[in-house]
Amino acid sequence: MLLTRVILLVTLALVPASAATTLAQPPEEPQGATGPEAIRQQQPSFLVRADVNHETRTYQEGEGLKVRVICEVDAFVYVLYKQADGKLFQIFPNSDQPDNRVRARQAVQIPADDDLFRWRIEPPFGKEMVKVIASTEPIDPLHPPEMRKAFFNPLSGEQLKGVEFALGDRDPAGWAEDQIEIVTQPRQPPPAPEGPKRWGVFFGVANYEFNSVVEEISEGKRHLNLKACDHDAQQMAEVLRTVGGLSEARTFIDAAATRKNLEDAVTRWLPSVSRPGDTVVIFFSGHGGQVSDDNGDEADRQDEFLLPYDYLNLEILAGLAVRERRGQLDPRLAPRLAYYRRLVQRAGSAERASALLQRTSSVTDDLFAHWLQRLSGRHVVAILDICHAGGFATREKGVEDDDEAPDFDFLEQEVTRLKDIGQRDTALMAACGVRELSYVRLQGDFGVMTKNLLDGITAAPGSLTLKEGFERCRTGMHAYFVEVNQALRAAGKRPLTEHRPYLVDYCSKPPLLKP
């Protein structure tokens, strides 16, 4: 759906900073997050990816464990291991692999195939974690010679705190992280096979938190609210729950569809209930937008983003400041307003402030791809009914000029493409291309793509793959635009610009919309 472009005639003076205000940067970490899992990167400018040699992420006593890491840029790579009893170790660099300066897109395996050491699973057993941190500069608490004396190099809580402080003091663009949770257990007879399950999260935003601010500033000429996006999410969840075989689905509408809830659903709830081999569906209907690329990885110098309920930009921030001066600001907004004021003041220019606000309150393609790393091993299907949706896929720029999507630069065996949605066992169905807008039907009941995809799923007599559903949807969308535009021309009105859906599928087996 269209995010209206406006010229911001706003100066930083409209949002003065309060010297007495201190506020942690949202989104907040969950209470109780400790250990290596508390080290999170919210503004990734590059990605590092970790994988292990068991797709199920479950290891029995005596089995060998290997970790594989690849990074998009030249970096110093550190691999930490948290045992089931909570003890921490640095396992890379180590005595056999002391050099942790890793070249871009060159995979490193721990332990290496030619190492004499073999990592065999032993007690204690339970949930364990492999944490990978990649930094363009060495991380001092992890870099001294004593941290590479053996394969398992103990890491104290004090040293881990030192890592957190070291990373907190440096430019976020200079480091990235990933983590994998595994389960270790005593040797036992193989369990009875259990089939993979299906899970889903559905987000729809028709009524935005700051719509009234936009309307007030524009004197009613512009607005953020949309039609039907809440209905899109509700109906897609219902159909995939009833005929799509979802084990469980969670739906977030309007005020519940916040940035934090989206992050929690993708990076915490889905990883907690699903397991490798399961299928995960992530649906979002609402506004989509573009912001200047901040790391040079986009051909058109634009990052795409989706807008949750609590999206905020520089214009909205100025409007809230006006309300505050009038004594009309909701007191519950005061802490957020204070935080964003500080962010704007540090930005140094209106252009940079605008980009920072949008990135902080939205979900960019790069950040979304980073969140999906938490679902490693699952088959992930992302369905985005937003404007510029195709930009969430790797190298989609310009794809709308072709009948078929081009060959992408993802190489499955080497996992060399990490950013945007271009990861192994991940598929994206987008409502439109990167330079296109996505429309709600003239009836105001559904997004055009959502309606035709729902029709295709419910009409299928048997099972339906994602590709088959996509083909049905594409045919139905074209027929809709032909019919509507004929009627509009007959009435002497301007026809709509047709937008086409796009499918990018890196899954190792065809994902099913309907089993």
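Full extension of the segment from LEU442 to GLU498, taken as 0.36 nm per residue of separation minus the current Cα-Cα distance, would add 18.8 nm. Once the Cα-Cα distance is subtracted from the 0.36 nm per residue extended length, the ALA173 to VAL482 segment shows a gain of 106.6 nm. Under the shape rule built on the C-alpha gyration tensor, where the axes satisfy a ≥ b ≥ c, the range 31-189 is prolate, since a/c reaches at least 1.5 and a/b is greater than b/c. Among the protein heavy atoms of the range 208-317, carbon and sulfur supply 43% of the accessible surface, probe 1.4 Å, non-protein parts ignored. Here the range 209-285 is assigned +1 on the Cβ of each Lys and Arg and -1 on the Cβ of each Asp and Glu. Its dipole about the Cα centre then comes out at about 240 debye. Entry for the range 125-224 at q = 0.10, 0.13, 0.23 Å⁻¹: log10 I(q)/I(0) = -0.66, -0.82, -1.27, Debye formula applied to identical alpha-carbon scatterers, no solvent contribution.
Leaving out ligands, DNA and RNA, what percent of the accessible area of the range 458-503 is carbon and sulfur, probe 1.4 Å? Of all accessible area on the range 458-503, carbon and sulfur atoms account for 53 percent. Each label point was placed 7 Å from the Cα along the Cα-to-Cβ direction; for GLU181 and SER156 their separation is 3.0 nm.
For the range 348-389, the fraction of 1.4 Å probe accessible surface lying on carbon and sulfur atoms is 47 percent.
Normalising by the residue count of the range 206-284, find the relative contact order in percent from Cα pairs under 8 Å and 6+ residues apart. Over the range 206-284, the number comes to 25 percent.
For the cross-link pairs LYS467/LYS493; LYS87/LYS197; LYS221/LYS451; LYS221/LYS493; LYS260/LYS514, the ones whose C-alpha atoms lie over 26 Å apart are LYS467/LYS493; LYS87/LYS197; LYS221/LYS451; LYS260/LYS514. Highest mean packing first, where packing is the average number of other Cβ atoms within 10 Å per residue, the peptides 101-107, 139-145, 246-252 line up as 246-252, 139-145, 101-107.
Between SER272 and ASP114, the FRET efficiency from the beta-carbon distance, with R0 = 41 Å, is close to 0.65. Between ALA192 and HIS223, the distance separating the two model label sites (each 7 Å from Cα on the Cα→Cβ line) works out to 5.6 nm.
Computed about its Cα centre, the charge dipole of the range 130-263 is approximately 560 debye, with only Lys, Arg, Asp and Glu carrying charge at their Cβ. Residues LYS221, LYS467, LYS197, sorted by accessible area with the largest first, give LYS221, LYS467, LYS197 [1.4 Å probe; ligands and nucleic acids excluded].
The values are calculated or read from the model by the stated rules, or taken from the named source; none is laboratory data. In this text, all values refer to a predicted model and were calculated from it rather than measured experimentally. As a convention, Cβ positions derive from the backbone with ideal geometry for all residues, glycine included, and neighbour counts pool all protein chains shown. These area figures cover heavy atoms from the full protein model, side chains too; ligands, DNA and RNA do not enter into them. Shrake-Rupley method; radii C 1.70, N 1.55, O 1.52, S 1.80 Å.
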